[in-house]
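*Asks:* Dumping the structure here so I can ask a few things about it.
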Amino acid sequence: MGEKTDAVKAGHRKMWALGDYPSLAAEVIPSLGEVLVRAAGVTSGDRVLDVAAGSGNAAVPAARTGAKVVASDLTPELLEAGRKQADADLEWRQADAEALPFADGEFDVVLSCVGVMFAPHHQAAADELVRVCRPGGRIALLNWTPEGFIGQMFATMKPYAPP
């Protein structure tokens with residue numbers, strides 16, 4: 001989508017690779033993935049894609065149900081961290097939420113737990129979620145709002161973010 005978008009995505013990859021996101025996620029949002037998986041009605045045998053999965057906040061609980069799960073993320077370091085700590089069988093795949101490398105209708109359920117909301121082009125990402133979900137399938141997202149605590153925290157931190 002252009003040089004500016006590529007730069008934003010490179011910045012995202014760099015930012016998410018800094019520090020220890022898996023530990024932070026385990027401390028700050030430990031149950032959100034499980035809540036999302038339950039709300040989406042994920043069950044054994046479902047084909048599930050977790051988009052912008054990070055270290056597997058939703059992918060791991062989905063896999064524990066017996067679903068066949070693919071965790072996708074733009075940042076390979078997060079995928080590797082998830083792979084190392086996961087206590088469930090699932091596939092880890094680097095992928096851009098705005099250009100998913102999956103077939104049309106490949107998944108019964110498409111999830112994102114505080115992940116896809118960081119895509120630079122929301123419409124492009126939404127179009128991809130719909131494209132890879134089978135007709136009659138389920139798409140479930142859990143996102144922060146700008147008005148909530150996390151949104152306000154990000155607004156406060158924005159001036160200090162690395163370029």
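*Asks:* Check which residues have an amide H placed less than 5 Å from Val110's amide H, if you skip close sequence neighbours.
*Replies:* Leu49, Arg138, Ile139, Ala140
*Asks:* Sticking with this one: Taking K and R as +1 and D and E as -1, what net charge do the other residues with C-beta under 13 Å from the C-beta of Asp89 add up to?
*Replies:* That sum, taken over residues with Cβ under 13 Å, equals +1.
*Asks:* Among Gly56, Pro135, Leu79, pick out the residue whose Cα is farthest towards the positive end of the charge dipole of the range 50-163, where Lys and Arg carry +1 and Asp and Glu carry -1 on C-beta, about the Cα centre.
*Replies:* Gly56
Computed from the coordinates by the stated procedures, all read-outs in this text should not be read as laboratory data. Quick caveat: nothing in here was measured; it's all calculated off a predicted structure. Virtual Cβ from ideal backbone geometry, glycine too; neighbours counted across all protein chains shown.
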